[in-house]
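Read the structure below first, then the notes.
The values are calculated or read from the model by the stated rules, or taken from the named source; none is laboratory data. As the structure is a prediction and not an experimental result, all values here were calculated from the model. Don't worry about glycine lacking a Cβ; one is built from the backbone with ideal geometry, like all the others, and counts go over all protein chains shown. Note: accessible area is taken over every heavy atom of the protein model, side chains too, but ligands, DNA and RNA are not part of it. Shrake-Rupley method; radii C 1.70, N 1.55, O 1.52, S 1.80 Å.
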Amino acid sequence: MRALTTLTLLILTASLAACAETQPAEPSPVASPSASAALFASEEEATQAADALIKEYWAAINTIFKAGGQETGILEPLVTERLLILEREDAAIFKRSEFRQFGDYAVVGTAFQQMFQGADSVQLIVTTCVDYSQVKAVNSQGQEAVRTHSAPQFQHQVTIHVTEHSGQRSMRLDDSEPMPESPC
């Protein structure tokens, strides 16, 4: 009985091996460039592009709040629609409270974190250091606003939505999450 079982196993193994040999081999998958590869040649290039967008965004924020919450339209080419709504709400509160910003936010030290491939876009995540030390907000009665975080500089995790249309890359800031527990 044991010999029969061994013989049966040998025949089954030989049959499976023969089947495996007679079936055509599947072609090796050809590597195709991902959207992130097409959109950025390297992480360094992605970081430089992100840094330029982030600096432009914070310059626009400086302009808006120095004008007392006016001119939010300058953010339209820089941010996603979701973030534009949030920024307009913040500017409206600033305006209603009659505040004006003095000094400028500064941004330094952008560092690559991750890139996520989507169906037709890439989410680029970086961190950057935002310097709050030269900024204060004062209302029409001369009262200075108190920031919720006292650290003069800390990291922000920034998410950028990247797409490409007709060979043109489009980058829009989607989120700038402050991380006050992470000083620069």
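One residue alone among 177, 164 is open to solvent by 40 Å² or more (accessible area, probe 1.4 Å) and more than 15 Å from the chain's Cα centre (by Cα), and that residue is 164.
Within the stretch 53-68, residues that are more than 20 Å from residue 170 (Cα to Cα) have Cβ atoms under 7 Å from residues that are of a type in the set (Phe, Trp, Tyr) and not in a loop (DSSP other than H, G, I, E, B) in these pairs: 65/94; 68/94; 68/99, counting only partners at least 6 apart in sequence or on another chain. Looking for something crowded, with 16+ Cβ neighbours inside 10 Å, in contact (Cβ under 8 Å) with a residue 60 or more places away in the chain and either farther than 23 Å from residue 123 by Cα or in contact with a Ser or Thr (Cβ under 6 Å, 6 or more places away or on another chain) (or both) - is there at least one such residue anywhere in the stretch 83-104? Looking through the stretch 83-104, none of the residues is crowded, with 16+ Cβ neighbours inside 10 Å, in contact (Cβ under 8 Å) with a residue 60 or more places away in the chain and either farther than 23 Å from residue 123 by Cα or in contact with a Ser or Thr (Cβ under 6 Å, 6 or more places away or on another chain) (or both). Here the helices (runs of 4 or more DSSP H) wholly within the stretch 1-81 that include at least 2 residues being modelled with pLDDT of 95 or more are 43-66. Is it fair to say residue 122 is among the aliphatic types (A, V, I, L, M) and more than 20 Å from the chain's Cα centre (by Cα)? So residue 122 fails the test.
Table: residues versus (1) of a type in the set (Val, Ile, Thr); (2) farther than 19 Å from residue 67 by Cα.
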position: 114; (1), (2): no, yes
position: 118; (1), (2): no, yes
position: 136; (1), (2): no, no
position: 140; (1), (2): no, no
position: 148; (1), (2): yes, yes
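Annotation: residue 119 fulfils all but one of (1) assigned to a loop (DSSP other than H, G, I, E, B); (2) surrounded by 12 or more Cβ atoms within 10 Å (Cβ to Cβ); the unmet one is (2).
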